[in-house]
Structures are given as C-alpha cells and as structure tokens.
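The block underneath contains the structure these notes are about, expressed in structure tokens.
The values are calculated or read from the model by the stated rules, or taken from the named source; none is laboratory data. For clarity, every value in this text was computed on a predicted model and none was experimentally measured. Ideal geometry is used to build each Cβ from the backbone, glycine not excepted, and the neighbour counts take in all protein chains shown.
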Amino acid sequence: MSSLITVDDLTNEEILSILDDAERMLPIARGETHLPILAGKVLANLFFEPSTRTRMSFETAMKRLGGAVLNLGDVANSSVVKGETLYDTMQMMDGYADIAVIRHPRQGAARYSSNAVNIPVINAGDGAGHHPTQTLLDLFTIRTCHGTLEGLNVALVGDLRYGRTVHSLSEALARFGCSLTFISPSSLTMPEEIVTDLRSSGTSITETEDLHGSIEQLDVIYMTRIQKERFPDEDEYQKVAGVFKLNQSDLVSAKKNMIIMHPLPRVDEISPDVDSTVHAKYFEQAFYGVVARMSLLCRLLGVEVPEVVSE
Amino acid sequence: MSSLITVDDLTNEEILSILDDAERMLPIARGETHLPILAGKVLANLFFEPSTRTRMSFETAMKRLGGAVLNLGDVANSSVVKGETLYDTMQMMDGYADIAVIRHPRQGAARYSSNAVNIPVINAGDGAGHHPTQTLLDLFTIRTCHGTLEGLNVALVGDLRYGRTVHSLSEALARFGCSLTFISPSSLTMPEEIVTDLRSSGTSITETEDLHGSIEQLDVIYMTRIQKERFPDEDEYQKVAGVFKLNQSDLVSAKKNMIIMHPLPRVDEISPDVDSTVHAKYFEQAFYGVVARMSLLCRLLGVEVPEVVSE
Amino acid sequence: MSSLITVDDLTNEEILSILDDAERMLPIARGETHLPILAGKVLANLFFEPSTRTRMSFETAMKRLGGAVLNLGDVANSSVVKGETLYDTMQMMDGYADIAVIRHPRQGAARYSSNAVNIPVINAGDGAGHHPTQTLLDLFTIRTCHGTLEGLNVALVGDLRYGRTVHSLSEALARFGCSLTFISPSSLTMPEEIVTDLRSSGTSITETEDLHGSIEQLDVIYMTRIQKERFPDEDEYQKVAGVFKLNQSDLVSAKKNMIIMHPLPRVDEISPDVDSTVHAKYFEQAFYGVVARMSLLCRLLGVEVPEVVSE
C-alpha cells in the first residue's frame, strides 16, 4: 500500500487495521500524550480547491505526531496560474515532501498525481470521484459507537445522487454486511448502478422518501447537505429541505444507541436542538477524522504505531 | 482561568503574574534559548478578519515554545462561506486543537465561542469589543521600561472614541493607580461613560486637545492612528492628523525616561525621526507581544513556566 | 556574512563552502535522516508577491532542520494594506523571527530591508534585481551532475533580456571559468553591459539565435520561459516560442552527460518527452534548492552543519 486513492484500494483487513491504529492514537489526538513519531517528516497539503475542515484535519494529524506541513496555499497565487501542469507541480512536491495530500476539482487527478511521483499520495477528494479518508473516519465513528461494523442498519439521507461521501460509504458498509436504507427526494436518489451493484453482492437495500417513518429500526442515520443549486427553483428546494431535516422531536422513537452523523459543514439538515441529545455524534466524527488520518499517515510513511498510553 | 475574553477577567495579581512569567521568557523569544514546553500542543489561529501582526505574534509565541499552529486561513475560502455557523466551526476546532485564538468582526463573538467549546479561547479582538492581549503587552512594555505600573502619568493620544485598545488600557492603568491624560480631537474624545467610570473609581483624568503642551510631565505617551474614514472630508482629516502627530522636535522638554508607544501599524502619527530617540519603544512593544502571549498560552494550557536561563 | 542579497556578496570560496554543506544535507532533504539543528529557530517568509516554489522550498528547508516558519500570508490582507511602510513591517519581523526571507516586486527592497533590521535577510527575488538562492541551487545542480563548476560549456536559452535568473547565473559561471553561449530571439538578447562585463573579465561568450545547431558541444543547457507579454502580437510570440523549445529529437547529438536545467515553472519550452531522458535535470534542480537553502540558513544563523550520515 503506497497511496490511497479510493477505499477499494484497501481490503477489509487493512481497513480494520487502520481503525485499530487510529483507536490507539486517541490520547495523542486529545493532546493527553505526546508521541512525535513523524518528527522530521514533511506532508504537502495540496488543496487545489478549498476544504478548510479536511486541510486542518490532516494538518493537526501530522503536527500532533511531530511532523511538519507545507501548504500549497491559495491556488490563485500559485505557479499553477503561470500555466504549470499538475505533473510538474507534483514533481516539485516529490522533492519537497515525504507524502502529499491532494484535493482537486478534477475526477482522476489524485490517481494521476500518485502515478507521477515516488512519494505516497492521499486523495482528499477529486471532484465527483473519491474521498477515502472521509469513509475511514465514518467507519471509525460507527465502530467506536457501536463496537462493530457488522450487520448494522444504516440510513443515508439527503443528496444521494451527487454526494461522493455517501457512495463510498455505502460500498464500504456493504462490505461489512450492513443493511442500508437510502432516504432522499426522488430527484436525488442513489445512482441506479450503485444500487444494482450493492444488491447483486447480497446487500439489503431499502429506498424511500420517508425519513421520519424509518427512524426506529436504525442504528445509524447519516445526514448530508442538500444543495440549493440542485433544484430548478427556490420553492422546490425549500419544500425538500424541510422534509429531509432532523429535529429533536423526531428522535423519540429512536433506539437509545442510534447515532446521527454528518460529514459537515451542516447548514439546515439537523436542528441545533439535536446537538444536546445522546444521538448526536457529528462533532465527535470530525474529531475522529484526526486519528483516522494519523493512522493512515503512519502507515503510508512506513512508521509503526506503538502502543500508546495516556500520561 | 480557562479563557481570556477581556482584561476584566483578570485580577491585578493575575496580571502581574502573567507579566512575571513573560519576563522570564525573554531569552526564548529572542531565540537565545530553546525551551519546547508546549511540544505536542496545537493552537488554532482563527482570524475571521485579517490581523497580520497579532496572528504572527501568537504564531511565533507558540512555535518558540515547541507548539504547533493551525491557521483557519482566508475566511473567503473556508467552510464559513458554505453557511456554517460559528458554533459549528468552534466544535470542529474543539476536536483539532488544545487552545484557540479568535479574531472576529462581531462584538461578543469571542465570549460566545468560549462558551461553545471545552478548550480555552483567547480573544484577539472582537469588533468594538476587547483585545486583552494587546493590553497585556502594553502593560508589560510600561512595566519593563519604568520598573512599575504604579502611579505613572500616561497620555493616550489620537482616536479615543473608537479605539478598542485605548479603552481597555485606560481601565487597566487606572487599576494600577496611574493618572491619565486623554488627548484627542473634539470629535474623537474618550466615551463619556468610560471617563465617568474612571473618575468615580478615583482616577485622575485630564482631557485636552493639546498634545504638545502636555509632554513634559508624562511618563508614557500612547499614540494611536486616526482613521481618515472618521472625518466628513479630507481637509478636516488633514488638519487633525497634522496636530496629533509627534516629531523629534516635540520631545525636547520630555523626561529622559518618557516612552512613546503605539499599537502599530502606524501611518503618519509618529515621524520616522522619532525612531532613533531613546523614547521610541513601539517596536520593542511589538516584540514584547510575543512574551506576553507565550506567558498567557502556558497559563491557559496549564503548563508551568520554569526558571529560564539564557544559554 | 550576515545577509544574502546578491551572489556578489559571496567569494568563490564561500560559494563552494555553501555547496559543500548542501551536499552533506542531502539525506536530510530526502527524509532519510532527521537532524533538528534549527530547533527553536524561526524563519519569517515575507513574500510580498507570490512565488509558490521558492516559498515552499525555504519552508521545507527550515522544517526539515527542526525550525519553524512564519508566513506573512496574502499581502492583500496584511497590515501593508493599512499603509505600513516596509521599514515598520521589518521592525516587527525583527522581533518575531531569527531570520527573514523576502520576495518583493521592488528592486532594492531586499537590501533596504536588511539594512533596517538586526536579523539576517535573504533576498528571494526583488523585481528586476537579484535572486541569489536560485543561483546557488543552479550551481549546486551543475556541480553535482558534472563534478565541477570549472571550465564547462553552458548555454543559457530564452528570455535573456528580462530574466533575472540568467543574469546572476552568467556572472557566477564566469567566475568559475565557464564558457557561455547565449541563445535568444534578437529582441530578448542578454543586455549589452553584461556581455561587455563578462568579456572584459576574459569569459568566452558566443551569442546566437540557433538553439539546435549549438547542442553537441554543450555541457549544460539552461532553458527559460519566454513570456507572451514580451511580444507585440500572439503570432510573433508563437513563432519564437516554437524555435526556442527543446524536444527529445533535438538531443540525439548531445553529449551523454549534457544536462538540461530550467528554473521552473516551465510552460512550453521543454517538451514532456524530454523528461524521461538522462539529460533532464530540472526536477532534481528543484529538489537541490532545498539543500542549497538549508545550507544557507545554517550559515546565516551561525549553526554549524555536522557530518551527516544517512540512517
């Protein structure tokens, strides 16, 4: 394993091993213990489009482990503007860093970049393509809260058509035997080929537009943002946005240990009154991104994660 | 003490204790000795509006002590633009960092942020609100130059109406028994309620428009920038700007140990020919910001400052 | 040696000594060994105009050695916009950092800055002025590939009129006894006073417009970008750009150890099919920038470079 472009690059065993290492790193991510095992290593953060959360998450993961981070910075100011190709930019990074994280608007840019260089490359989102570290942190959150990834009832809610995150996560959960419920407006349903693929591999799939009637049998509700731009007019959007939204009052029938997740940023999909419930795990989920990325960075840099003991 | 939102959060004893620690950190800030007591700690620098000087000062304070810094970066590119609330952004930071510095255009944003999270928050300026680390570094500068904060004659000059810095500093100096002279154009005088408050607590206050006639009895002259936008027309501004300006020739009657301060950046308020006089302390003042912030960071992170000996 | 503004500030012995230290640092730059000899030191990266490659090169050089970096950030957001003078900005940096790198659109800005402060200043390009670390890394590349700087046949190709890089490099190579061939369109020839100076110091100079006929006797071809804006119309530019371009097929007559260099970013001057030839050294050259800058940083900070042994 030399780069991570899609979750398909990983076996189930590799995924679980990354999550195991991530778990041992929790005290480091919380600042309770200091373990600079990446001292002297340099990460290049190449965000060809902005993603504050993901960039900062990788940055804190690297720095908590003693490593250093180079930021490409605002692309509008970079040599990219002078007409440099992605290939050439990556050659430069090959000379400057030990590992690179790339976020790029063009699908396939991450794979192309990893082929261009000798250092490991992590895909942090390439257009409509993949974002595998999001999937890893989602899996880590589910496993941490439920103790297992196997056989859970998971609903994915919102924009399932264009949401890169929900496609990868569905495929990963199916590999661990989860049953999936896809809840979306009819114009934003999960792409047919993904549903067909999942069913043909034996996964139980339910498709519905009814969020509120589905809640009581679920272990996980994964909410996503529905973007205004997907709708022909504001009215249509408002109608849909109101329906695919969670309020505290919707949760009375939920299992005690049902968890609500969201890749963030949220806008209106989850009412703030949900934040104080035991179900709300979206902020912890963001924090778990740090350990998931720590674990991955160590693996790709060939650095073993020692048993970590909090001070 | 878990956050610092305003200087009112601190007792006089706490202020003096922060200044004592700051003093012991001078050799570290000068790069003469290396003491990485914040290794493994992460500071989030959340500048929702730019402030180069303050951002870099916190950054060097943290890094000199071995800590790491995350920058939110250009807010125009951040998740804030996608409609994320300040509350949600702060939850993310709570998972990524051990302490946060926030600069925000909205008054009250720092207090709101500190209430939203578990990590300590330092207010680095919230609109017309407070900027307590500026006050700490101002006090450190005065104490370092005069050996005490007690009983000094301090003039504050320029825009006293809108200047957040001079309000906090006046209140702090009053607590240490200083006599204050407020020197400003009539349209930019110190707000009446602040003057009343200070007088009722027994502080000696003089208000005047005459900068040059006041110099000889002063221990400190604290200059501030008068902004063009405060005046209805350019002519009016030019007249005032010319009067509330210090030149070397104005200083002949000054006490030998009188010091001139400025929160910087200056534009025209202090002639460059003053820079070479013994009175000019504004650049040292900027440097002292580093130790004041070092001291505060350690305190809020619960890290004791050891006796520091220069190599 | 307290600052580096132009290569003229260095004797040949100093240049060679910097290159010797740089060579010993290769394992550190490759991440093979970790030697934090600049721990506790702070570099201020002051890019008043963007230069991604140079900024990141200094940043990785500093961080590989355990040092910390402060970035001025986007100048459009900085105190410079509030009307602060370069002198005042530099005073602030004097208090925040141990060494500063400055890139500025105005010729002479680097010298002016270094005179304003006590810390060492490295010129990373000041308008039409100098960019000495580019020259150092160019010399390092040539010496590494050829084993010597003495007596080589070096061609400089492209925009020789406005190219800051080729002016400094020509003068440096002349000091080491190289023979120079200047290959450019007639409108972009090397300035007459530089040619005269070089000839009067005994350097063999050939001037030509013929790139392809010159290749077989050369040891080094240094390509540069020809900017569209230098030409009155697009047609004129396209004609010239097509002629001063290297393709793999142009290299059949080249010496085996002839190397092709480029300060990067390239646009169209070197066909991608050249990248896979033994002659292509432009990406290594970018990497060598890291060690050249490491070496210089240590020297200016007064830190001795120990014998480095790869792990």
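Mind counting the residues in segment C:1-35 that are part of a loop (DSSP other than H, G, I, E, B), in contact with a helix residue (DSSP H, G or I) (Cβ under 8 Å, 6 or more places away or on another chain) and among the polar types (S, T, N, Q)?
Pass one, segment C:1-35, residues part of a loop (DSSP other than H, G, I, E, B): C:1-3, C:5-6, C:10-11, C:25, C:30-35.
Checking which are in contact with a helix residue (DSSP H, G or I) (Cβ under 8 Å, 6 or more places away or on another chain) leaves us with C:1-3, C:5-6, C:10, C:25, C:31, C:33-35.
Now narrow it down to the ones that are among the polar types (S, T, N, Q): C:2-3, C:6, C:33.
Count: 4.
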Inset, instruction - Give me the pairs, please: first residue somewhere in segment C:1-27 and touching a residue at least 60 places away in the same chain (Cβ under 8 Å), second residue anywhere and small (Gly, Ala, Ser) and outside any helix (DSSP H, G or I), beta-carbon distance under 6 Å, and either six or more positions apart or on two chains. - result: C:PRO27/C:SER310
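Checking the structure you have, find out if any residue of segment A:238-245 is outside any helix (DSSP H, G or I) and not assigned by TED's automatic domain parsing to the domain that holds A:MET56. Working first, answer last.
At the first step, the residues of segment A:238-245 found to be outside any helix (DSSP H, G or I) are A:244-245.
Within this subset, residues satisfying the condition of being not assigned by TED's automatic domain parsing to the domain that holds A:MET56 are A:244-245.
Yes: segment A:238-245 contains one or more residues that are outside any helix (DSSP H, G or I) and not assigned by TED's automatic domain parsing to the domain that holds A:MET56.
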Legend entry - Residue satisfying condition, being in the same structural domain as A:ARG55 (by TED's automatic domain parsing), crowded, with 23+ Cβ neighbours inside 10 Å and touching a residue at least 12 places away in the same chain (Cβ under 8 Å), within set A:ALA116, A:ALA110: A:ALA110
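Could you tell me whether B:ARG64 is away from chain C (no Cβ under 14 Å), within 15 Å of B:ARG293 (Cβ to Cβ) and not β-branched (Val, Ile, Thr)?
Details: away from chain C (no Cβ under 14 Å): no; within 15 Å of B:ARG293 (Cβ to Cβ): yes; not β-branched (Val, Ile, Thr): yes.
Judged against the criteria, B:ARG64 is not a match.
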Inset, instruction - Please give the number of the condition B:ASN257 fails out of (1) surrounded by 15 or more Cβ atoms within 10 Å (Cβ to Cβ); (2) in contact with a His (Cβ under 9 Å, 6 or more places away or on another chain); (3) polar (S, T, N, Q). - result: (1)
Legend entry - Enumeration of residues in segment C:217-249 that are at pLDDT 95 or above and acidic (Asp, Glu): C:ASP219
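Quick one: which residue in A:ASP268, A:ASP273 is surrounded by fewer than 19 Cβ atoms within 10 Å (Cβ to Cβ) and more than 30 Å from A:ALA61 (Cβ to Cβ)?
Working: A:ASP268 fails: more than 30 Å from A:ALA61 (Cβ to Cβ).
Of the residues listed, the single one that is surrounded by fewer than 19 Cβ atoms within 10 Å (Cβ to Cβ) and more than 30 Å from A:ALA61 (Cβ to Cβ) is A:ASP273.
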Inset, instruction - Determine whether B:GLU216 is out of contact with any helix residue (DSSP H, G or I) (no Cβ under 9 Å at 6 or more places or on another chain), closer than 23 Å to B:LYS245 by Cβ, loosely packed, with under 14 Cβ neighbours inside 10 Å and not assigned by TED's automatic domain parsing to the domain that holds B:LEU16. - result: yes
Legend entry - helices (runs of 4 or more DSSP H) fully within segment B:81-147 counting 3 or more residues that are basic (Lys, Arg) and over 19 Å from the mean Cα position of the chain (by Cα): none
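Residues checked against (1) more than 9 Å from chain A (Cβ to nearest Cβ); (2) among the aliphatic types (A, V, I, L, M):
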| position | (1), (2) |
| --- | --- |
| B:GLU49 | yes, no |
| B:SER57 | yes, no |
| B:LEU72 | no, yes |
| B:GLN91 | no, no |
| B:ALA109 | yes, yes |
| B:SER114 | yes, no |
Inset, instruction - Please enumerate the residues belonging to segment B:158-181 that are in contact with an Asp or Glu (Cβ under 7 Å, 6 or more places away or on another chain) and crowded, with 21+ Cβ neighbours inside 10 Å. - result: B:GLY158, B:LEU169
Inset, instruction - Tell me, yes or no, whether segment C:257-265 has at least one residue that is touching a Ser or Thr at 6+ places or on another chain (Cβ under 7 Å) and over 21 Å from C:THR181 (Cα atoms). - result: yes
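Yes or no, residue by residue, for (1) crowded, with 19+ Cβ neighbours inside 10 Å; (2) closer than 15 Å to B:SER113 by Cβ; (3) within 17 Å of the chain's Cα centre (by Cα):
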residue: B:GLY31; (1), (2), (3): no, no, no
residue: B:ARG55; (1), (2), (3): yes, no, yes
residue: B:GLU59; (1), (2), (3): yes, no, yes
residue: B:ARG64; (1), (2), (3): yes, no, no
residue: B:LEU72; (1), (2), (3): yes, yes, no
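Which residue is farthest from C:LEU137 (Cα to Cα), if the candidates are limited to segment C:173-226 and must be in a loop (DSSP other than H, G, I, E, B) and β-branched (Val, Ile, Thr)? It would help to see each step written out before you state the result.
Just the residues of segment C:173-226 that are in a loop (DSSP other than H, G, I, E, B), to begin with: C:176-178, C:184-185, C:189-191, C:201-204, C:209-211, C:218-219, C:224-226.
Narrowing further to those that are β-branched (Val, Ile, Thr): C:189, C:203, C:224, C:226.
Working: C:THR189: 24, C:THR203: 22, C:THR224: 15, C:ILE226: 21 Å.
For segment C:173-226, the residue satisfying everything is C:THR189.
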Legend entry - Every residue from segment B:38-76 that is hydrophobic (A, V, I, L, M, F, W, C), touching a strand residue (DSSP E or B) at 6+ places or on another chain (Cβ under 8 Å) and not in a helix (DSSP H, G or I): B:VAL42, B:LEU43, B:ALA44, B:LEU46, B:PHE47, B:PHE48, B:ALA68, B:VAL69, B:LEU70, B:LEU72
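Residues checked against (1) within 14 Å of chain A (Cβ to nearest Cβ); (2) touching a residue at least 60 places away in the same chain (Cβ under 8 Å); (3) crowded, with 16+ Cβ neighbours inside 10 Å; (4) out of contact with any strand residue (DSSP E or B) (no Cβ under 6 Å at 6 or more places or on another chain):
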{"position": "C:LEU211", "(1), (2), (3), (4)": "no, no, yes, no"}
{"position": "C:ILE221", "(1), (2), (3), (4)": "no, yes, yes, no"}
{"position": "C:ARG230", "(1), (2), (3), (4)": "no, yes, no, yes"}
{"position": "C:GLU236", "(1), (2), (3), (4)": "no, no, no, yes"}
{"position": "C:LEU264", "(1), (2), (3), (4)": "yes, yes, yes, yes"}
{"position": "C:GLY289", "(1), (2), (3), (4)": "yes, yes, yes, yes"}
Inset, instruction - Test B:GLN217 against the stated conditions and say whether it is closer than 19 Å to B:GLY177 by Cβ and polar (S, T, N, Q). - result: yes
